[in-house]
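Shown next, in structure tokens, is the structure this report addresses.
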Amino acid sequence: MSTKEWTDEELRAVNASLEGKGPDAALRWVVDNFDRDEFALACSFSECVLVDMLVGIRPGARIFYLDTGLLFKETYEVIEKVCCKYGISVERYTPRLTVAEMEREYGPELWKRDPDQCCEIRKTSAMRAALGGLKLWITGLRREESATRASAPIVGRDVRFGIVKVNPIAAWTRKEVWDYIVRNDVPYNPLLDQGYPSIGCKPCTEPVKTGEDERAGRWAGRAKIECGLHK
């Protein structure tokens, strides 16, 4: 059964109603208003609080990740731990080109020479495939992470991908995330304990220094702090 089409005005009203109510309220709005095959959670497998929450509210909900072929081994390991702990399978989406094929077509280490093009090839194209046919995607984006995310709504329209986007923990602090992880024994990427508060592809992710934004280790030394999925 297909759900209704939400107007921008309706989404703004929903967003206002969910401010201050916590992630559970946002997730329950999703599962109450969208069929199982109409939405999915995108997870980077850094911290997995939304996996824990969503599985508790809607067992069998779709969860996916983008395998760029350049992820840390720790990321792949935490995916296995999450699937084992919750008894779930997660969907894996890959780019059109392997890393080797990209090097043959664009030259070696494209991420150094043109990181925007590399992200388009390895992430954005795969995301378009992952979101195909969906009406809504759920993300772990938080306002505290960087200036580019400071005004993120709980619920809104994703202009780039043309579907509804829900950020249940947008208002959470890093402390609230960690409190939830500890309280509920949620698996997390061990790189978080090694100075990597934001984890992406291995060639473009470094530890951050004290006082820096959480995403300062992504494409360090460049003005770029977003891969293009969240705009």
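Figures for the structure shown
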| item | result |
| --- | --- |
| Residue that is nearest to Phe72 (Cα to Cα), among those in the range 144-192 that are of a type outside the set (Val, Ile, Thr) and in a strand (DSSP E or B) | Tyr188 |
| First in the range 132-153 and closer than 26 Å to Ala61 by Cα, second anywhere and part of a loop (DSSP other than H, G, I, E, B) and polar (S, T, N, Q), Cβ under 6 Å, 6 or more apart | Thr139/Asn167; Leu141/Asn167; Ala152/Asn167 |
| Pick from the range 7-21, criterion small (Gly, Ala, Ser) and modelled with pLDDT of 95 or more, ranking: nearest to Val164 (Cα to Cα) | Ala13 |
| Among the residues listed as Thr68, Thr94, the single one being buried (at least 19 other Cβ atoms within 10 Å of the Cβ), in contact with a helix residue (DSSP H, G or I) (Cβ under 9 Å, 6 or more places away or on another chain) and polar (S, T, N, Q) | Thr68 |
| Among the residues listed as Leu141, Leu136, Leu191, the single one being at pLDDT 90 or above, buried (at least 18 other Cβ atoms within 10 Å of the Cβ) and under 20 Å from Lys209 (Cα atoms) | Leu191 |
| Contacts under 8 angstrom Cβ, first residue in the range 36-64 being surrounded by fewer than 22 Cβ atoms within 10 Å (Cβ to Cβ) and in a strand (DSSP E or B), partner of a type in the set (Phe, Trp, Tyr) and modelled with pLDDT under 95, 6 or more apart | none |
| Check on Val30, surrounded by 18 or more Cβ atoms within 10 Å (Cβ to Cβ) and more than 19 Å from Gly133 (Cα to Cα) | no |
| Tally, over the range 78-90, of residues that are touching a helix residue (DSSP H, G or I) at 6+ places or on another chain (Cβ under 8 Å) and surrounded by 13 or more Cβ atoms within 10 Å (Cβ to Cβ) | 5 |
| Some residue of the range 159-169 being aliphatic (A, V, I, L, M), over 30 Å from Val99 (Cβ atoms) and free of Cβ contacts under 8 Å to residues at least 12 places away in the same chain | no |
| Residue match in the range 88-98 (condition: of a type in the set (Lys, Arg) and within 24 Å of Val166 (Cα to Cα)) | yes |
| Condition met for Lys112 (exposed (fewer than 15 other Cβ atoms within 10 Å of the Cβ), touching a helix residue (DSSP H, G or I) at 6+ places or on another chain (Cβ under 9 Å) and not in a loop (DSSP other than H, G, I, E, B)) | yes |
| Single condition Ile88 does not satisfy, out of (1) in a loop (DSSP other than H, G, I, E, B); (2) within 27 Å of Val159 (Cα to Cα) | (2) |
| Residue match in the range 146-166 (condition: crowded, with 17+ Cβ neighbours inside 10 Å and at pLDDT below 85) | yes |
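The values are calculated or read from the model by the stated rules, or taken from the named source; none is laboratory data. Values in this document were obtained by computation on a predicted structure and should not be read as measured data. A quick note on method: Cβ atoms are made from the backbone with ideal geometry, for glycine too, and the neighbour counts reach across all protein chains shown.
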